[in-house]
Amino acid sequence: MPNYHVAKNRDDKSWEVKRAGAERISDKADTQSEAEVLAKQFCSNAGGGEVRIHGLDGKIRDSDTVSPGNDPNPPRDRKF
């Protein structure tokens, strides 16, 4: 299952979607939320996995498991 990363490109100010371990980007978007949606679509089409969203400082600020991926830390509460 592939993992995808969403990170800011400092040169052209776009948000990039990149598969983990790949040299080239998969796609670009104007906003982080658009790039996150694209990354989740790519991940879902590839059989599930993790989407890691990076903040402006480059550090991972959030991570989402896309079905049918195996979440290593499933939520304990059942409200959501």
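Points worth noting:
- Within region 23-52, residues that are on the phi > 0 side of the Ramachandran plot have Cβ atoms under 7 Å from residues that are modelled with pLDDT under 95 and among the polar types (S, T, N, Q) in these pairs: Gly48/Ser67; Gly49/Asn3, counting only partners at least 6 apart in sequence or on another chain.
- For region 12-60, the set of residues classified as within 13 Å of Met1 (Cβ to Cβ), hydrophobic (A, V, I, L, M, F, W, C) and buried (at least 16 other Cβ atoms within 10 Å of the Cβ) consists of Phe42, Cys43, Val51, listed by residue number.
- Test: residue in region 61-71 that is in a strand (DSSP E or B), buried (at least 17 other Cβ atoms within 10 Å of the Cβ) and modelled with pLDDT of 95 or more: no
- Residue match in region 15-25 (condition: assigned to a loop (DSSP other than H, G, I, E, B), within 16 Å of Gly58 (Cβ to Cβ) and hydrophobic (A, V, I, L, M, F, W, C)): yes
- Considering residues of region 27-51 that are in a loop (DSSP other than H, G, I, E, B) and modelled with pLDDT of 95 or more only, the residue nearest to Ser67 (Cα to Cα): Thr31
The values are calculated or read from the model by the stated rules, or taken from the named source; none is laboratory data. Just so we're clear, the structure is a prediction, and the values are computed from it rather than from any experiment. Please note: Cβ atoms are built from the backbone with ideal geometry, for glycine as well, and neighbour counts cover all protein chains shown.
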